Amino acid sequence: MPLASPMGLLALALLASSPQATMLSPPDVCETASPRVDLSAEPPATPPLVCISPDVPLTLRFDTPLQPGSVRVEQRERFEEVNPGQQTLTLVPPKKLEAGERFLLDVCFADGAAPACASFVLRVHPALGLSQVKVFRKPRTVESFREGEKAAQAEAWQCQEEVRQLRAERGAPEGLRGVLASGLLGKKGILFKELTKSVTQAKGNDLRLEQARSYRTEGRVAVDVWLDNTGTLPWTAAGAVLRGPKGEVLKLLPLWQQEPGAEGWRRVVVEVPASETEARGTYTLILWDAELKRTVTLGNVTFP
């Protein structure tokens, strides 16, 4: 049965210190997809990839005007909305999408310069769909390069944080000594919040939520969920995302999960680097398996 005490996070530290307890999956292509696309005069061998998700509207912003009537979306009738503007294109994906589905998007530009048209591949992911993509066709402005530099710095910081965490966990002692040595306790210790009754479950979830808690400590927040697999097929989380009300995505550290017991319980813990003022809104936690077919969506996730 699930642990009934906030001290469960300390037990997590014990379990996570074992190499056999942590399962890491190779990153999905949507995890590394860029929200910026640079077009060259010659069309690329493979069209740029743009990830979409159900119920996540996507806006493409172009730095040059689009040619009226030039937008073509494969299986356009399935999309809830395809709304081209002068320099924007808003797409509302259908609610019923199969993970891994692909749609070809074509647009043409109004000024006649090269490239005259561009193609994109819209790939379906259950949770990692982008809400905005900027497409640059002209030489980029100083401001756009500054934005790219900020994004690159944030990504580099995230990588450094993951490396630091892995090094610290590998060299840290076990038990309470490891928790203290990590420096995560801080002056306030571990703040705890019971979420089991407040979290909402999507109707199509492949596993049933039995227990959920969130934690906040020095520089980190975490969500600890216990899931009941009532089906006959085994299920393992291959990835997770925390999405905010405006579509923003919190970058997670590698998730941790416990092997299911005889009762079919699957415990999954996701962790996010966050300062005391960050991660203060309401989030949706989405978990998926390696095939991106069996997902678990939990809404109304908050942190202490």
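Go through (1) in contact (Cβ under 8 Å) with a residue 60 or more places away in the chain; (2) surrounded by 15 or more Cβ atoms within 10 Å (Cβ to Cβ); (3) not β-branched (Val, Ile, Thr) one by one and return the number of the condition Gly100 breaks.
(2) is the only condition that Gly100 fails.
Could you check, for the range 269-288, whether at least one of its residues is surrounded by fewer than 19 Cβ atoms within 10 Å (Cβ to Cβ), at positive phi and not assigned by TED's automatic domain parsing to the domain that holds Ser131?
no
Determine which member of the set Pro47, Pro54 is part of a loop (DSSP other than H, G, I, E, B), closer than 19 Å to Val249 by Cα, at pLDDT 85 or above and outside the structural domain of Val268 (by TED's automatic domain parsing). Talk me through it step by step, then tell me what you get.
Details: Pro47 fails: closer than 19 Å to Val249 by Cα.
The unique qualifying residue is Pro54.
Within the range 189-205, track down each residue that is at pLDDT 90 or above and either outside the structural domain of Trp226 (by TED's automatic domain parsing) or buried (at least 18 other Cβ atoms within 10 Å of the Cβ) (or both).
Leu195, Val199
I'm told Phe136 meets every condition in (1) surrounded by 15 or more Cβ atoms within 10 Å (Cβ to Cβ); (2) at pLDDT below 90 except one. Can you identify the failing condition by its number?
Result: Phe136 fails condition (2) only.
The values are calculated or read from the model by the stated rules, or taken from the named source; none is laboratory data. Being a predicted model, the structure only gives us computed values, none of them experimental. When we count neighbours, we look across all protein chains shown, and the Cβ atoms used for this are built from the backbone with ideal geometry, even at glycine.
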